[in-house]
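Values in this text are rule-based calculations from the coordinates and carry no lab data. Computed from a prediction, not measured in an experiment: that's the story for all the values here. Cβ coordinates were reconstructed from backbone atoms using ideal geometry, including for glycine residues, and neighbour counts include every protein chain displayed.
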Amino acid sequence: MIYITGDTHIPVDISKLNTKNFPSSKDMTKEDFLIICGDFGGVWDNSKEEKYWLKWLEQKNFTTLFIDGNHENFDMLNSFDEEELFGGKVHKVSEGIYHLIRGYVYEIDGWSFFAFGGASSHDIHLRTEGVNYWKEELPSEEEIKRAYDNLGKSGWNVDYVITHCAPTSVQKIISSGYEENILTDEFENISKRLGFEKWFFGHYHRDIDIDGRFIGVFDKIIKIDSKTK
């Protein structure tokens, strides 16, 4: 089983994953996966509280996968060693918790997922670089090139897309309060070329379905059934 949800902002919104709010987790195993669409928040300051919640997640039946959002400590996140998993590279944060690195196409439980984290902080004027904001929230040229290279290898066709922010045209439908940027524009270009079933994203703190293909997630936990290819 694979489930997808939105931002957890550990510890603020992690309660959505307790057994009361996520009862299906009782029947999951470590061979089942929960994917978080960015702003994980569990790699931030190495505090006691953070360690508590990481341990809490480790003890869940499922394996946690997440992409980065804009509110992550990228110095800490990028300090983890890279490992090969699901046909791409990941950061192993702890037992059963993995960061899906930008630009890879992963094969998970019979499905293909294009994953690319990051977003632009709209409150950047209130933040301090290296303290609660990192310029790495937006992609490098290397990361964008990796994405195009791997999508090319996949024949520009995947089952699902996992991002934090949405393509520019989708973002405009959601809210006028978010400005387009290099990442939303790249996603716009990719969305017009890529074959996919659904595109999941977080960031906007809304559960919203746009035309049945672009799905914004926040509180909802959406199931994707396994299949054999």
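Some points to look at:
- If R0 is taken as 22 Å, the Cβ-Cβ distance between R213 and I182 corresponds to a FRET efficiency of 0.45.
- For H122 and E84, a Förster radius of 41 Å and the Cβ-Cβ distance give a FRET efficiency of 0.70, rounded to the nearest 0.05.
- Student exercise, region 2-224 dipole from Lys, Arg, Asp, Glu Cβ charges, in Debye to nearest 20: 580
- Excluding same-chain neighbours fewer than eight residues apart, the lysines reachable from K20 by a Cα-Cα span under 17 Å are K60, K220, K223.
- Coordinate range along principal axes, alpha carbons of region 64-182, Å, largest first: 41, 33, 25
- Largest GNM mean-square fluctuation across T29, T184, T163, computed for the chain with C-alpha springs under 10 Å, falls on T29.
- Loop-located GluC sites (Glu not before Pro) across region 158-229 with a Cβ neighbour count of 14 or fewer within 10 Å are E179, E197, with loop assigned by DSSP.
- Rounded to the nearest 500, the helix-only mean residue ellipticity at 222 nm of the chain stands at -6000 deg cm²/dmol, with each DSSP H run of n ≥ 4 adding -39,500 (n - 2.57).
- For region 38-130, the list of trypsin sites (Lys or Arg not before Pro) that fall in a loop by DSSP and count at most 15 other C-beta atoms within 10 angstrom reads R127.
- The simple spin-label model puts a point 7 Å past each Cα toward its Cβ; for K51 and K20 those points are separated by 2.8 nm.
- F22 sits among other residues whose Cβ lies under 14 Å from its own Cβ, and their net charge, with Lys and Arg +1 and Asp and Glu -1, is +2.
- Each Lys or Arg adds one and each Asp or Glu takes one away; over the other residues whose Cβ falls under 10 Å from the Cβ of D39, this sums to -4.
- Taking amide H as placed 1.01 Å from N in the peptide plane, G103 has its amide H under 5 Å from the amide H of A115, F116, G117, each at least 5 places away in sequence or on another chain.
- Among beta bridges from DSSP that stay inside the chain, the antiparallel ones total about 45%.
- Here the simple spin-label model places points 7 Å from the Cα toward Cβ, and for H205 and D75 these points are separated by 2.6 nm.
- Fewest neighbouring Cβ atoms within 10 Å first, the residues D75, D13 line up as D75, D13.
- Candidates E31, E143, E129: whichever shows maximal mean-square fluctuation once the chain is modelled as a Gaussian network with Cα springs under 10 Å: E129
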